[in-house]
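Report on one structure; see the data block that follows.
The values are calculated or read from the model by the stated rules, or taken from the named source; none is laboratory data. Here the structure is a predicted model, which is why all the values come from computation and not from measurement. Heads up, the Cβs are rebuilt from the backbone with ideal geometry, glycines too, and the neighbour counts pull from every protein chain shown. Surface accessibility is based on the protein's heavy atoms, side chains included, excluding ligands, DNA and RNA. Shrake-Rupley method; radii C 1.70, N 1.55, O 1.52, S 1.80 Å.
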Amino acid sequence: VDEGNDWCFSLESTVIVRDQGAISIRDLRIGDMVLSDEHGTWSKFYSKGHYNEKTKTEFVQISTEVTEKPLELTPGHMVFKALSKLPVPAFSIQVGDVVKTVNGPSTVTGVKKILRIGFFNPLTL
């Protein structure tokens, strides 16, 4: 089990791409503009920082009141709480916390550790 890639997403994750809507993170292409925050900011995907389709990896799965699909990210990946200027590691998020999402602040309704195959760290500007 790989626990060393602390800035990655599960390959089951989705991203919102300009002019395409929600797509699998696996289908992200260099040059795609992805929605990156609750203010409607679009960021250009320019590189794959880490990408692996074979390694069993531990993720924190975070569900909120407004997300259709849970967020799946490595335990050390940083997450913004709604009232904080500094992010915290995903492993510290608890049910009841309010986190920032692309839909605005939302209460966390579920947190659990899961194992998935593969991981991806898309780099954006």
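Miscellaneous remarks
- Looking at the range 1-86, the GluC sites (Glu not before Pro) that sit in a DSSP loop and have at most 11 other Cβ atoms within 10 Å of their own Cβ are GLU3, GLU68.
- In the chain, excluding the sites themselves, the longest stretch lacking any of the trypsin sites (Lys or Arg not before Pro) that are in a DSSP loop with at most 10 other Cβ atoms within 10 Å is 30-84.
- Accessible surface of the chain [probe 1.4 Å, protein heavy atoms]: carbon and sulfur percent: 52
- Per residue, the chain exposes an accessible area of 57 Å² to a 1.4 Å probe, with every protein chain left in place.
- Applying 1/(1 + (r/R0)^6) with r as the Cβ-Cβ distance of LYS54 and LYS85 and R0 = 30 angstrom yields a FRET efficiency of 0.20.
- In the elastic network of the chain, a GNM with C-alpha springs shorter than 10 Å, the most mobile of ASP19, ASP32, ASP97 is ASP19.
- Pairwise Cα distances in the range 1-58 exceed 15 Å in 53 percent of cases.
- Around LYS85: net Lys/Arg minus Asp/Glu count, Cβ-Cβ under 15 Å: 0
- When the alpha carbon gyration tensor of the range 45-125 is reduced to an equivalent ellipsoid, the three semi-axes, largest first, read 22, 16, 11 Å.
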